[in-house]
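The values are calculated or read from the model by the stated rules, or taken from the named source; none is laboratory data. What you see is a predicted model; the values in this text were computed from it and never measured. So basically every Cβ, Gly included, is an ideal-geometry build from the backbone, and we count neighbours across all protein chains shown. Areas reflect the complete protein model, heavy atoms only, side chains present, ligands, DNA and RNA absent. Shrake-Rupley method; radii C 1.70, N 1.55, O 1.52, S 1.80 Å.
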Amino acid sequence: MGLLRRLVWRTVRLLLDLIVVMVVFALIPGVPPHVTYNVYERLPPPLPLEGALARNTKLNIAERILDGRITGPESIAFRADDEIFVSLHGGKILRLWGPRFDHFKIVTSIGPGCDGPWQEKKCGRPLGLRFGPDGRLLVADAYLGLFAVDVDTGDKESLFNVTEEIDGAAPMLPDDLDVDKDGNIYWSDASSVSHLCDSMTEMMSDPSGRIIKFDPKTGTNTVLVRNVHFANGVQLSPDQDFLIFSETFKFRVLRYWLKGPKAGQSEVFVDRLPGFPDNIRPKEDGGYYISLVSYATERNRQLSAALSPLSFVRKLILRLMTVTKILFETANSIYPSVYIEKLAQKTLHLEPVTAMTIRETNLTIVVEVDADGKIVDSLQGDSGTIVLVSETQKVGENLFFGSPYNKYLGRLMLNPPTMEVEGKEVRMKTGDTNEDKGKTRDESPDELLQEEKKQVIEETQEKGAEVKSESETETESHETQSDTKDEL
(Lines give C-alpha, C1' and ligand atoms only; values in the text may rest on other atoms or scores of the structure.)
Protein backbone atom coordinates (compact mmCIF):
# COMPACT_ATOMS: atom_id res chain seq x y z
CA MET A 1 0.00 0.00 0.00
CA GLY A 2 2.91 2.33 0.84
CA LEU A 3 4.43 1.68 -2.59
CA LEU A 4 1.16 2.58 -4.31
CA ARG A 5 0.88 5.81 -2.34
CA ARG A 6 4.42 6.82 -3.26
CA LEU A 7 3.71 6.04 -6.91
CA VAL A 8 0.54 8.13 -6.86
CA TRP A 9 2.30 11.00 -5.12
CA ARG A 10 5.21 10.96 -7.61
CA THR A 11 2.76 10.99 -10.51
CA VAL A 12 0.86 13.93 -9.05
CA ARG A 13 4.11 15.74 -8.32
CA LEU A 14 5.32 15.18 -11.87
CA LEU A 15 2.07 16.58 -13.27
CA LEU A 16 2.26 19.61 -10.98
CA ASP A 17 5.87 20.27 -11.99
CA LEU A 18 4.91 19.97 -15.64
CA ILE A 19 2.05 22.45 -15.19
CA VAL A 20 4.37 24.92 -13.45
CA VAL A 21 6.91 24.62 -16.27
CA MET A 22 4.20 25.17 -18.87
CA VAL A 23 2.84 28.23 -17.05
CA VAL A 24 6.30 29.73 -16.75
CA PHE A 25 7.00 28.98 -20.42
CA ALA A 26 3.79 30.71 -21.44
CA LEU A 27 4.55 33.78 -19.30
CA ILE A 28 8.20 34.30 -20.25
CA PRO A 29 8.40 37.47 -22.34
CA GLY A 30 10.04 37.43 -25.75
CA VAL A 31 9.27 33.84 -26.73
CA PRO A 32 8.07 33.63 -30.36
CA PRO A 33 5.72 34.03 -32.06
CA HIS A 34 5.35 37.72 -31.30
CA VAL A 35 1.59 38.00 -31.58
CA THR A 36 -1.30 38.88 -29.30
CA TYR A 37 -3.98 36.63 -27.86
CA ASN A 38 -7.45 37.77 -26.88
CA VAL A 39 -10.60 35.89 -25.99
CA TYR A 40 -12.69 35.08 -29.06
CA GLU A 41 -16.45 35.13 -29.17
CA ARG A 42 -17.83 31.67 -29.82
CA LEU A 43 -18.96 31.32 -33.40
CA PRO A 44 -22.63 30.57 -34.12
CA PRO A 45 -23.46 27.01 -35.22
CA PRO A 46 -23.16 26.26 -38.94
CA LEU A 47 -26.15 26.20 -41.21
CA PRO A 48 -27.68 22.71 -41.41
CA LEU A 49 -27.25 20.70 -44.62
CA GLU A 50 -30.83 21.13 -45.72
CA GLY A 51 -32.75 23.25 -48.19
CA ALA A 52 -30.29 24.78 -50.66
CA LEU A 53 -27.50 22.99 -48.76
CA ALA A 54 -29.19 19.58 -48.79
CA ARG A 55 -26.81 16.71 -49.42
CA ASN A 56 -26.25 15.85 -53.08
CA THR A 57 -23.68 14.01 -55.19
CA LYS A 58 -23.20 16.40 -58.11
CA LEU A 59 -19.40 16.35 -57.75
CA ASN A 60 -19.14 12.56 -57.72
CA ILE A 61 -19.21 12.49 -61.53
CA ALA A 62 -16.37 15.01 -61.88
CA GLU A 63 -13.07 13.91 -63.40
CA ARG A 64 -9.42 14.50 -62.66
CA ILE A 65 -7.05 16.19 -65.12
CA LEU A 66 -3.28 15.53 -64.93
CA ASP A 67 -3.85 13.22 -61.99
CA GLY A 68 -0.52 12.62 -60.23
CA ARG A 69 1.41 15.01 -62.47
CA ILE A 70 0.85 18.33 -60.68
CA THR A 71 0.67 19.53 -57.09
CA GLY A 72 -1.57 22.19 -55.64
CA PRO A 73 -3.51 23.75 -58.56
CA GLU A 74 -4.83 26.50 -56.29
CA SER A 75 -6.40 28.95 -58.75
CA ILE A 76 -7.63 29.02 -62.36
CA ALA A 77 -7.79 31.88 -64.86
CA PHE A 78 -8.87 31.74 -68.50
CA ARG A 79 -8.81 33.86 -71.64
CA ALA A 80 -10.77 31.49 -73.90
CA ASP A 81 -13.22 28.64 -73.47
CA ASP A 82 -10.48 26.13 -74.35
CA GLU A 83 -7.50 27.73 -72.61
CA ILE A 84 -6.85 27.99 -68.87
CA PHE A 85 -3.95 28.87 -66.58
CA VAL A 86 -3.32 27.24 -63.20
CA SER A 87 -1.07 28.18 -60.25
CA LEU A 88 1.06 25.33 -58.90
CA HIS A 89 3.43 24.46 -56.09
CA GLY A 90 7.02 25.18 -57.03
CA GLY A 91 6.15 28.72 -58.09
CA LYS A 92 4.98 27.69 -61.57
CA ILE A 93 2.11 28.78 -63.80
CA LEU A 94 0.70 26.03 -66.02
CA ARG A 95 -1.18 26.55 -69.28
CA LEU A 96 -3.70 23.94 -70.50
CA TRP A 97 -5.55 24.14 -73.78
CA GLY A 98 -7.48 22.22 -76.41
CA PRO A 99 -11.03 20.81 -76.52
CA ARG A 100 -10.05 18.22 -73.91
CA PHE A 101 -7.46 20.40 -72.15
CA ASP A 102 -4.88 17.69 -72.83
CA HIS A 103 -2.14 20.03 -74.09
CA PHE A 104 -0.07 21.68 -71.40
CA LYS A 105 3.14 23.58 -70.75
CA ILE A 106 4.80 25.63 -68.02
CA VAL A 107 4.45 29.34 -68.82
CA THR A 108 6.81 30.73 -66.19
CA SER A 109 8.11 30.33 -62.64
CA ILE A 110 7.45 33.17 -60.23
CA GLY A 111 10.44 32.26 -58.04
CA PRO A 112 13.95 30.91 -58.77
CA GLY A 113 12.96 27.27 -58.28
CA CYS A 114 13.51 24.84 -55.43
CA ASP A 115 13.69 21.14 -54.54
CA GLY A 116 10.03 20.69 -53.61
CA PRO A 117 6.94 22.13 -51.90
CA TRP A 118 8.71 22.00 -48.54
CA GLN A 119 10.89 24.88 -49.80
CA GLU A 120 7.99 27.07 -50.90
CA LYS A 121 9.47 30.13 -49.20
CA LYS A 122 12.31 29.95 -51.70
CA CYS A 123 10.46 28.96 -54.86
CA GLY A 124 7.32 31.00 -54.21
CA ARG A 125 3.72 29.83 -54.02
CA PRO A 126 1.40 31.48 -56.57
CA LEU A 127 -2.18 31.46 -55.31
CA GLY A 128 -4.78 33.80 -56.83
CA LEU A 129 -4.87 34.37 -60.62
CA ARG A 130 -6.77 36.92 -62.74
CA PHE A 131 -6.30 38.45 -66.15
CA GLY A 132 -5.89 42.23 -66.09
CA PRO A 133 -7.27 44.78 -68.57
CA ASP A 134 -3.91 44.81 -70.42
CA GLY A 135 -4.10 41.06 -71.09
CA ARG A 136 -1.38 40.12 -68.62
CA LEU A 137 -1.98 37.48 -65.96
CA LEU A 138 -2.01 38.93 -62.45
CA VAL A 139 -0.57 36.61 -59.81
CA ALA A 140 -0.74 36.80 -56.01
CA ASP A 141 2.23 34.84 -54.65
CA ALA A 142 2.09 33.98 -50.95
CA TYR A 143 5.78 34.80 -50.42
CA LEU A 144 6.93 36.99 -53.31
CA GLY A 145 4.00 39.41 -53.72
CA LEU A 146 2.01 40.54 -56.75
CA PHE A 147 3.18 39.97 -60.32
CA ALA A 148 2.01 40.64 -63.86
CA VAL A 149 2.92 37.89 -66.34
CA ASP A 150 2.89 37.92 -70.13
CA VAL A 151 1.70 34.35 -70.67
CA ASP A 152 2.83 34.35 -74.31
CA THR A 153 6.46 35.20 -73.56
CA GLY A 154 6.79 34.19 -69.91
CA ASP A 155 8.04 37.66 -68.94
CA LYS A 156 7.06 38.69 -65.42
CA GLU A 157 7.02 41.97 -63.54
CA SER A 158 6.95 42.46 -59.77
CA LEU A 159 4.37 45.16 -59.05
CA PHE A 160 5.83 46.34 -55.73
CA ASN A 161 8.34 45.40 -53.06
CA VAL A 162 6.53 42.91 -50.82
CA THR A 163 9.04 43.45 -48.00
CA GLU A 164 8.03 47.09 -47.55
CA GLU A 165 5.47 47.95 -44.90
CA ILE A 166 1.94 48.88 -45.85
CA ASP A 167 0.35 51.06 -43.19
CA GLY A 168 2.68 49.81 -40.47
CA ALA A 169 2.98 46.12 -41.40
CA ALA A 170 4.66 44.25 -44.23
CA PRO A 171 2.36 41.79 -46.01
CA MET A 172 3.17 38.24 -45.00
CA LEU A 173 0.65 36.25 -47.04
CA PRO A 174 -0.69 37.67 -50.32
CA ASP A 175 -3.53 35.30 -51.16
CA ASP A 176 -6.10 36.27 -53.79
CA LEU A 177 -6.92 39.25 -55.99
CA ASP A 178 -9.37 40.83 -58.38
CA VAL A 179 -8.94 43.78 -60.72
CA ASP A 180 -11.34 46.53 -61.79
CA LYS A 181 -11.79 48.08 -65.23
CA ASP A 182 -9.22 50.81 -64.42
CA GLY A 183 -6.55 48.28 -63.46
CA ASN A 184 -6.76 48.77 -59.69
CA ILE A 185 -6.01 45.50 -57.90
CA TYR A 186 -7.89 44.47 -54.78
CA TRP A 187 -5.98 41.78 -52.93
CA SER A 188 -6.01 39.94 -49.65
CA ASP A 189 -3.11 39.77 -47.22
CA ALA A 190 -4.28 36.71 -45.30
CA SER A 191 -1.97 37.45 -42.37
CA SER A 192 0.42 40.22 -41.41
CA VAL A 193 2.07 38.06 -38.72
CA SER A 194 2.70 34.69 -40.40
CA HIS A 195 3.70 33.17 -43.73
CA LEU A 196 1.64 30.53 -45.47
CA CYS A 197 3.76 27.74 -43.98
CA ASP A 198 3.03 29.15 -40.49
CA SER A 199 -0.72 29.66 -40.90
CA MET A 200 -1.47 28.00 -37.56
CA THR A 201 -0.09 31.18 -36.03
CA GLU A 202 -2.84 33.26 -37.64
CA MET A 203 -5.45 30.67 -36.68
CA MET A 204 -4.59 30.65 -32.96
CA SER A 205 -3.73 34.32 -32.41
CA ASP A 206 -5.62 37.56 -32.95
CA PRO A 207 -6.83 38.32 -36.51
CA SER A 208 -4.32 40.26 -38.59
CA GLY A 209 -5.50 39.79 -42.19
CA ARG A 210 -6.21 42.74 -44.47
CA ILE A 211 -7.90 43.72 -47.72
CA ILE A 212 -5.70 46.10 -49.73
CA LYS A 213 -6.09 48.19 -52.88
CA PHE A 214 -3.10 48.59 -55.19
CA ASP A 215 -3.11 51.54 -57.60
CA PRO A 216 -0.77 50.70 -60.52
CA LYS A 217 -0.67 54.36 -61.64
CA THR A 218 0.87 55.57 -58.38
CA GLY A 219 2.38 52.27 -57.23
CA THR A 220 0.75 52.69 -53.82
CA ASN A 221 -1.17 50.29 -51.57
CA THR A 222 -4.08 51.35 -49.36
CA VAL A 223 -5.53 49.19 -46.58
CA LEU A 224 -9.33 49.00 -46.89
CA VAL A 225 -10.17 46.44 -44.22
CA ARG A 226 -8.04 45.17 -41.35
CA ASN A 227 -8.22 42.57 -38.54
CA VAL A 228 -9.69 39.88 -40.76
CA HIS A 229 -9.21 36.33 -39.47
CA PHE A 230 -7.39 34.95 -42.51
CA ALA A 231 -8.44 37.18 -45.40
CA ASN A 232 -8.84 34.89 -48.39
CA GLY A 233 -10.80 34.94 -51.69
CA VAL A 234 -11.61 38.35 -53.20
CA GLN A 235 -14.33 39.09 -55.77
CA LEU A 236 -15.67 42.37 -57.19
CA SER A 237 -19.37 42.74 -57.90
CA PRO A 238 -20.47 42.99 -61.57
CA ASP A 239 -20.99 46.77 -61.19
CA GLN A 240 -17.76 47.08 -59.16
CA ASP A 241 -19.61 48.98 -56.44
CA PHE A 242 -18.54 46.52 -53.74
CA LEU A 243 -16.23 43.58 -53.21
CA ILE A 244 -16.75 40.43 -51.17
CA PHE A 245 -14.03 38.46 -49.43
CA SER A 246 -13.71 35.32 -47.33
CA GLU A 247 -12.88 35.41 -43.63
CA THR A 248 -11.83 31.79 -43.56
CA PHE A 249 -11.39 31.14 -39.85
CA LYS A 250 -14.81 32.62 -39.06
CA PHE A 251 -16.67 30.59 -41.70
CA ARG A 252 -18.11 33.63 -43.42
CA VAL A 253 -17.89 36.05 -46.34
CA LEU A 254 -17.88 39.82 -45.80
CA ARG A 255 -18.81 42.68 -48.12
CA TYR A 256 -16.92 45.97 -48.41
CA TRP A 257 -18.69 48.84 -50.17
CA LEU A 258 -16.62 50.82 -52.67
CA LYS A 259 -19.36 53.18 -53.85
CA GLY A 260 -22.72 54.49 -52.71
CA PRO A 261 -24.00 55.64 -49.31
CA LYS A 262 -22.22 52.75 -47.53
CA ALA A 263 -18.84 53.36 -49.18
CA GLY A 264 -16.01 52.40 -46.83
CA GLN A 265 -18.23 50.17 -44.67
CA SER A 266 -18.07 46.40 -44.16
CA GLU A 267 -20.88 43.99 -43.41
CA VAL A 268 -21.60 40.27 -43.37
CA PHE A 269 -22.49 38.92 -46.82
CA VAL A 270 -23.09 35.26 -45.89
CA ASP A 271 -22.45 33.66 -42.49
CA ARG A 272 -22.41 30.29 -40.74
CA LEU A 273 -20.95 28.42 -43.70
CA PRO A 274 -20.49 24.66 -43.09
CA GLY A 275 -16.77 24.84 -43.90
CA PHE A 276 -13.78 27.10 -44.44
CA PRO A 277 -14.44 29.51 -47.36
CA ASP A 278 -11.58 30.02 -49.79
CA ASN A 279 -11.75 31.68 -53.22
CA ILE A 280 -14.91 33.26 -54.60
CA ARG A 281 -15.66 33.38 -58.30
CA PRO A 282 -18.63 34.73 -60.31
CA LYS A 283 -21.57 32.84 -61.75
CA GLU A 284 -23.22 33.81 -65.01
CA ASP A 285 -26.45 34.83 -63.27
CA GLY A 286 -24.77 37.46 -61.11
CA GLY A 287 -24.25 35.16 -58.13
CA TYR A 288 -21.07 33.58 -56.85
CA TYR A 289 -19.38 30.23 -56.22
CA ILE A 290 -17.93 30.07 -52.70
CA SER A 291 -15.58 27.09 -52.43
CA LEU A 292 -15.20 25.52 -49.00
CA VAL A 293 -11.64 24.22 -48.95
CA SER A 294 -12.48 21.95 -46.01
CA TYR A 295 -15.72 20.83 -44.41
CA ALA A 296 -15.89 21.78 -40.74
CA THR A 297 -16.57 18.53 -38.92
CA GLU A 298 -18.20 18.42 -35.51
CA ARG A 299 -14.80 17.80 -33.96
CA ASN A 300 -13.43 20.96 -35.64
CA ARG A 301 -16.30 22.98 -34.26
CA GLN A 302 -15.97 21.60 -30.75
CA LEU A 303 -12.23 22.26 -30.66
CA SER A 304 -12.71 25.79 -31.94
CA ALA A 305 -15.42 26.44 -29.35
CA ALA A 306 -13.22 25.06 -26.56
CA LEU A 307 -10.14 27.13 -27.47
CA SER A 308 -11.91 30.41 -28.30
CA PRO A 309 -12.15 31.67 -24.70
CA LEU A 310 -8.84 30.07 -23.61
CA SER A 311 -6.31 32.59 -24.86
CA PHE A 312 -3.69 31.36 -22.39
CA VAL A 313 -3.97 27.77 -23.68
CA ARG A 314 -3.74 28.92 -27.30
CA LYS A 315 -0.66 30.94 -26.43
CA LEU A 316 1.00 27.94 -24.77
CA ILE A 317 0.21 25.56 -27.65
CA LEU A 318 1.42 28.01 -30.27
CA ARG A 319 4.65 28.72 -28.41
CA LEU A 320 5.38 25.00 -28.11
CA MET A 321 4.77 24.47 -31.81
CA THR A 322 6.90 27.48 -32.76
CA VAL A 323 9.82 26.41 -30.60
CA THR A 324 9.55 22.89 -32.03
CA LYS A 325 9.81 24.32 -35.54
CA ILE A 326 12.85 26.39 -34.55
CA LEU A 327 14.52 23.25 -33.18
CA PHE A 328 13.84 21.41 -36.46
CA GLU A 329 15.27 24.30 -38.47
CA THR A 330 18.35 24.49 -36.25
CA ALA A 331 18.94 20.75 -36.57
CA ASN A 332 18.59 20.98 -40.35
CA SER A 333 21.13 23.82 -40.52
CA ILE A 334 23.67 21.65 -38.66
CA TYR A 335 22.84 18.29 -40.25
CA PRO A 336 20.95 19.01 -43.49
CA SER A 337 18.21 16.46 -44.09
CA VAL A 338 15.21 16.65 -46.39
CA TYR A 339 13.16 14.76 -43.78
CA ILE A 340 13.93 17.28 -41.04
CA GLU A 341 13.26 20.11 -43.50
CA LYS A 342 9.83 18.66 -44.30
CA LEU A 343 9.01 18.29 -40.60
CA ALA A 344 9.92 21.92 -39.99
CA GLN A 345 7.77 23.05 -42.89
CA LYS A 346 4.70 21.09 -41.72
CA THR A 347 4.88 21.97 -38.01
CA LEU A 348 2.76 25.13 -38.30
CA HIS A 349 1.24 24.45 -41.72
CA LEU A 350 -2.51 23.99 -42.21
CA GLU A 351 -2.06 20.99 -44.51
CA PRO A 352 -1.74 18.35 -41.72
CA VAL A 353 -4.89 19.75 -40.06
CA THR A 354 -6.77 19.57 -43.35
CA ALA A 355 -5.55 16.01 -43.93
CA MET A 356 -7.07 15.00 -40.58
CA THR A 357 -10.42 16.36 -41.72
CA ILE A 358 -10.28 14.33 -44.94
CA ARG A 359 -9.64 11.18 -42.91
CA GLU A 360 -12.92 11.87 -41.11
CA THR A 361 -15.03 12.74 -44.14
CA ASN A 362 -14.72 13.15 -47.90
CA LEU A 363 -17.57 15.64 -47.98
CA THR A 364 -16.83 18.46 -50.41
CA ILE A 365 -19.06 21.53 -50.74
CA VAL A 366 -19.19 24.47 -53.11
CA VAL A 367 -21.85 26.97 -52.01
CA GLU A 368 -23.78 28.95 -54.63
CA VAL A 369 -25.19 32.33 -53.58
CA ASP A 370 -27.11 34.99 -55.44
CA ALA A 371 -26.08 38.62 -55.88
CA ASP A 372 -27.32 39.44 -52.37
CA GLY A 373 -25.58 36.60 -50.57
CA LYS A 374 -28.58 34.28 -50.26
CA ILE A 375 -27.63 30.61 -50.56
CA VAL A 376 -29.51 29.24 -53.56
CA ASP A 377 -27.80 25.90 -54.29
CA SER A 378 -24.68 23.83 -53.71
CA LEU A 379 -22.38 21.38 -55.42
CA GLN A 380 -21.43 18.46 -53.19
CA GLY A 381 -19.59 15.19 -53.38
CA ASP A 382 -18.70 12.39 -50.98
CA SER A 383 -16.91 9.87 -53.18
CA GLY A 384 -13.46 11.38 -52.69
CA THR A 385 -13.12 12.03 -56.43
CA ILE A 386 -12.86 15.78 -55.86
CA VAL A 387 -11.85 17.07 -52.41
CA LEU A 388 -10.33 20.16 -50.76
CA VAL A 389 -11.69 22.63 -53.32
CA SER A 390 -10.15 26.10 -53.09
CA GLU A 391 -11.74 27.59 -56.21
CA THR A 392 -14.59 26.89 -58.63
CA GLN A 393 -14.21 28.52 -62.03
CA LYS A 394 -16.64 28.24 -64.93
CA VAL A 395 -14.92 28.12 -68.31
CA GLY A 396 -17.16 27.54 -71.31
CA GLU A 397 -19.20 24.40 -70.61
CA ASN A 398 -16.88 23.24 -67.82
CA LEU A 399 -16.48 23.84 -64.13
CA PHE A 400 -12.88 23.57 -62.94
CA PHE A 401 -11.98 22.93 -59.31
CA GLY A 402 -8.67 24.09 -57.87
CA SER A 403 -7.03 22.94 -54.64
CA PRO A 404 -3.93 23.89 -52.62
CA TYR A 405 -3.20 20.24 -51.83
CA ASN A 406 -4.49 17.93 -54.58
CA LYS A 407 -2.30 16.38 -57.25
CA TYR A 408 -4.92 16.93 -59.95
CA LEU A 409 -7.23 19.56 -61.38
CA GLY A 410 -10.93 18.83 -61.02
CA ARG A 411 -13.30 19.19 -63.97
CA LEU A 412 -17.06 18.83 -64.30
CA MET A 413 -18.63 18.93 -67.78
CA LEU A 414 -21.90 20.83 -67.55
CA ASN A 415 -23.43 19.43 -70.75
CA PRO A 416 -21.63 16.18 -71.57
CA PRO A 417 -22.67 14.20 -74.68
CA THR A 418 -25.18 11.46 -73.94
CA MET A 419 -26.21 8.25 -75.75
CA GLU A 420 -29.59 6.64 -75.97
CA VAL A 421 -29.92 3.11 -77.34
CA GLU A 422 -33.25 2.29 -78.97
CA GLY A 423 -33.30 -1.26 -80.30
CA LYS A 424 -30.58 -1.47 -82.95
CA GLU A 425 -30.28 2.27 -83.30
CA VAL A 426 -28.00 4.63 -81.39
CA ARG A 427 -29.14 8.19 -80.81
CA MET A 428 -26.36 10.58 -79.76
CA LYS A 429 -27.19 13.88 -78.12
CA THR A 430 -24.29 16.30 -78.42
CA GLY A 431 -25.04 18.55 -75.48
CA ASP A 432 -26.76 21.87 -75.03
CA THR A 433 -24.23 24.21 -76.68
CA ASN A 434 -25.10 27.09 -78.96
CA GLU A 435 -23.58 25.27 -81.94
CA ASP A 436 -25.00 21.81 -81.34
CA LYS A 437 -28.17 22.50 -79.41
CA GLY A 438 -30.94 20.13 -80.48
CA LYS A 439 -28.82 18.15 -82.92
CA THR A 440 -29.07 14.37 -82.91
CA ARG A 441 -27.92 11.66 -85.24
CA ASP A 442 -29.19 8.15 -85.77
CA GLU A 443 -26.65 5.49 -86.67
CA SER A 444 -26.27 1.78 -86.33
CA PRO A 445 -23.78 0.54 -83.69
CA ASP A 446 -21.38 -0.66 -86.43
CA GLU A 447 -21.45 2.67 -88.23
CA LEU A 448 -20.87 4.52 -84.99
CA LEU A 449 -17.94 2.25 -84.11
CA GLN A 450 -16.32 2.81 -87.50
CA GLU A 451 -16.77 6.55 -87.19
CA GLU A 452 -15.24 6.55 -83.71
CA LYS A 453 -12.24 4.58 -85.01
CA LYS A 454 -11.84 7.05 -87.87
CA GLN A 455 -12.03 9.97 -85.44
CA VAL A 456 -9.36 8.43 -83.21
CA ILE A 457 -7.04 7.94 -86.20
CA GLU A 458 -7.58 11.52 -87.37
CA GLU A 459 -6.98 12.90 -83.87
CA THR A 460 -3.81 10.83 -83.56
CA GLN A 461 -2.53 12.17 -86.87
CA GLU A 462 -3.38 15.73 -85.84
CA LYS A 463 -1.59 15.29 -82.53
CA GLY A 464 1.42 13.88 -84.36
CA ALA A 465 1.50 16.91 -86.61
CA GLU A 466 1.24 19.20 -83.59
CA VAL A 467 4.10 17.45 -81.83
CA LYS A 468 6.24 17.75 -84.98
CA SER A 469 5.49 21.44 -85.44
CA GLU A 470 5.91 22.36 -81.80
CA SER A 471 8.85 20.17 -80.85
CA GLU A 472 11.28 22.84 -82.09
CA THR A 473 10.34 25.07 -79.18
CA GLU A 474 10.62 24.43 -75.47
CA THR A 475 6.95 25.25 -75.04
CA GLU A 476 5.71 22.06 -76.71
CA SER A 477 3.13 20.50 -74.46
CA HIS A 478 4.18 16.87 -74.45
CA GLU A 479 7.84 17.64 -73.88
CA THR A 480 6.90 19.47 -70.71
CA GLN A 481 5.14 16.50 -69.14
CA SER A 482 8.39 15.71 -67.34
CA ASP A 483 8.41 19.26 -65.97
CA THR A 484 4.98 18.83 -64.45
CA LYS A 485 6.16 15.69 -62.68
CA ASP A 486 8.69 17.87 -60.86
CA GLU A 487 5.74 19.57 -59.16
CA LEU A 488 5.13 16.55 -56.91
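Yes/no per residue for (1) out of contact with any Gly (no Cβ under 6 Å at 6 or more places or on another chain); (2) open to solvent by less than 40 Å² (accessible area, probe 1.4 Å); (3) of a type in the set (Ser, Thr, Tyr):
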{"position": "Glu202", "(1), (2), (3)": "yes, yes, no"}
{"position": "Phe230", "(1), (2), (3)": "no, yes, no"}
{"position": "Tyr256", "(1), (2), (3)": "yes, yes, yes"}
{"position": "Lys262", "(1), (2), (3)": "yes, no, no"}
{"position": "Asn279", "(1), (2), (3)": "no, yes, no"}
{"position": "Glu284", "(1), (2), (3)": "yes, no, no"}
Next item on the list: Test Gly402 against the stated conditions and say whether it is of a type in the set (Gly, Ala, Ser), in contact with an Asp or Glu (Cβ under 7 Å, 6 or more places away or on another chain), touching a residue at least 12 places away in the same chain (Cβ under 8 Å) and more than 20 Å from Leu254 (Cβ to Cβ).
Entry: yes
Check: Has the range 296-313 got at least one residue that is in contact with a strand residue (DSSP E or B) (Cβ under 6 Å, 6 or more places away or on another chain), open to solvent by less than 10 Å² (accessible area, probe 1.4 Å) and at pLDDT below 95?
Finding: yes
Next item on the list: Return the pairs, sorted by first residue and then second, in which the second residue is assigned to a helix (DSSP H, G or I), the first residue lies in the range 350-363 and is among the aliphatic types (A, V, I, L, M), the beta carbons are less than 8 Å apart, and the residues are 6+ apart or on different chains.
Entry: Leu350/Ser199; Leu350/Met200; Leu350/Met203; Val353/Met200
Check: How many residues are assigned to a loop (DSSP other than H, G, I, E, B) and open to solvent by less than 60 Å² (accessible area, probe 1.4 Å) if we restrict to the range 147-167?
Finding: 6
Check: In the range 80-126, what residues are open to solvent by 30 Å² or more (accessible area, probe 1.4 Å), part of a strand (DSSP E or B) and either in contact with a helix residue (DSSP H, G or I) (Cβ under 9 Å, 6 or more places away or on another chain) or modelled with pLDDT under 95 (or both)?
Finding: Lys92, Ile106, Ser109
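Of all residues in the range 211-228, which are assigned to a strand (DSSP E or B) and open to solvent by 10 Å² or more (accessible area, probe 1.4 Å)?
Going through the range 211-228, the residues assigned to a strand (DSSP E or B) turn out to be 211-215, 220-228.
Lys213, Asp215, Thr220, Asn221, Thr222, Val223, Leu224, Val225, Arg226, Asn227 - these are the residues of the range 211-228 that are assigned to a strand (DSSP E or B) and open to solvent by 10 Å² or more (accessible area, probe 1.4 Å).
Listed here are the residues, each with its yes/no results for (1) modelled with pLDDT under 95; (2) open to solvent by less than 50 Å² (accessible area, probe 1.4 Å); (3) not in a helix (DSSP H, G or I).
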site	(1), (2), (3)
Lys346	yes, no, no
Asn362	yes, no, yes
Val367	no, yes, yes
Ser378	no, yes, yes
Val389	no, yes, yes
Thr392	no, yes, yes
Item checked: Conditions (1) assigned to a helix (DSSP H, G or I); (2) touching an Asp or Glu at 6+ places or on another chain (Cβ under 7 Å); number of the one not met by Gln302 -> (2)
